[in-house]
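As C-alpha cells, the structure follows; a few thoughts come after it.
The values are calculated or read from the model by the stated rules, or taken from the named source; none is laboratory data. The structure presented is a predicted model; accordingly, all values stated were derived computationally and were not measured. Glycine gets a Cβ as well: all are built from the backbone with ideal geometry, and neighbour counts include every protein chain shown. Areas reflect the complete protein model, heavy atoms only, side chains present, ligands, DNA and RNA absent. Shrake-Rupley method; radii C 1.70, N 1.55, O 1.52, S 1.80 Å.
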Amino acid sequence: MSALEGVHLGAIAIWFLSAGFDVGLEIVLRWTRSADLQRSLIELHRKIDVWIEGPAVIVTVVSGAALLRAAGLVGGELPWPGWLEWKVASGLIAATANLACVAFVLARARAARAAPEPTPRQIVAVRRWSAAIWLTGLGVPFALGALALGVWH
Ligand code: HEM
C-alpha cells in the first residue's frame, strides 16, 4: 500500500467513525427533553464537523484525486475502469452530501445560539436544520457503495 492510499484509507476511517458517532448523537438529540443536553449536543456536532469530519471528507477527496493523478487517470490519456468511474462518482456524491450536512450543522448551531427560546427544539429554524441534516443521510448508500467498490474491485 502506498503512503497516498494509506492517507486515503485513514481519512475514510476517520470520516466514517465520526459520521457514525454523529448519527448516535442526532438520535439522542432527537429524543432528549433536556434543554442543556440539546444545546451541548448541537455544539458537540458542530465541533466534530469543523475539526474532524469535515477535514476528513476533504482529505478523502483530495487524496482520491491525487491517486487518480498518480495512476495517470487525469487528463484523459488512459481509459478509466468501469468500477472506478462508479466508485469516484459514489464517493463524490457522499462527500457532497456530507459537506452539505456540515453547513446545516453550522447553521443550526447559529440558530440555537441566536434564539431566546430555552429549549433548542422549540426553535423552528433548529427543527428545520435538523430535518435537513437527517436528509443528507441519503448520501450513506453512496459512501458504502464507494467503500465496497474500493475494497472488492
Ligand atoms: C466515500 C468515499 C470513498 C471511499 C469509501 C473510498 C474507498 C476506497 C478504497 C477502499 C480504496 C482501495 C484502497 C486500496 O486498495 O489500498 C480506494 C482507492 C482509490 N480511491 Fe477511493 N474512496 C472514496 C472516495 C474517493 C474519491 C472521491 C476519489 C477521487 C476523487 C477516489 C479515488 C480513488 C482512487 C484513484 C483509488 C485507487 C484505485 C486503484 O487503482 O486501486 N476515492 N478508495
Checklist entry - Hull surface divided by four, with the convex hull built on the Cα atoms of segment 3-152: how many nm²? => result 9.3 nm²
Next on the checklist: Quick check on packing: order 70-81, 138-149 by the mean number of other C-beta atoms within 10 Å, highest mean leading.
Outcome noted: 138-149, 70-81
Checklist entry - HN-Hα J couplings of segment 88-97 from phi, Karplus 6.51/-1.76/1.60, θ = phi - 60°, integer Hz, Gly and Pro as x? => result 5, 4, 5, x, 6, 5, 5, 5, 5, 4
Checklist entry - Just how far, in whole angstrom, is segment 3-76 from segment 102-153 if you go by their alpha carbon centroids? => result 12 Å
Checklist entry - Which whole-number value in Å² is the accessible area per residue of the chain, probe 1.4 Å? => result 58 Å²
Item to check | Helix-only [θ]222 nm of the chain, DSSP H runs n ≥ 4, -39500 (n - 2.57) each, per residue, nearest 500 | outcome: -26000 deg cm²/dmol
Checklist entry - In whole Hz, what ³J(HN,Hα) sequence does segment 139-150 give by Karplus (6.51, -1.76, 1.60; θ = phi - 60°), x for Gly and Pro? => result x, 4, x, 5, 5, 5, x, 5, 4, 4, 5, x
Item to check | Potential extension, residue 135-residue 122 segment - 0.36 nm per residue separation minus Cα distance | outcome: 2.7 nm
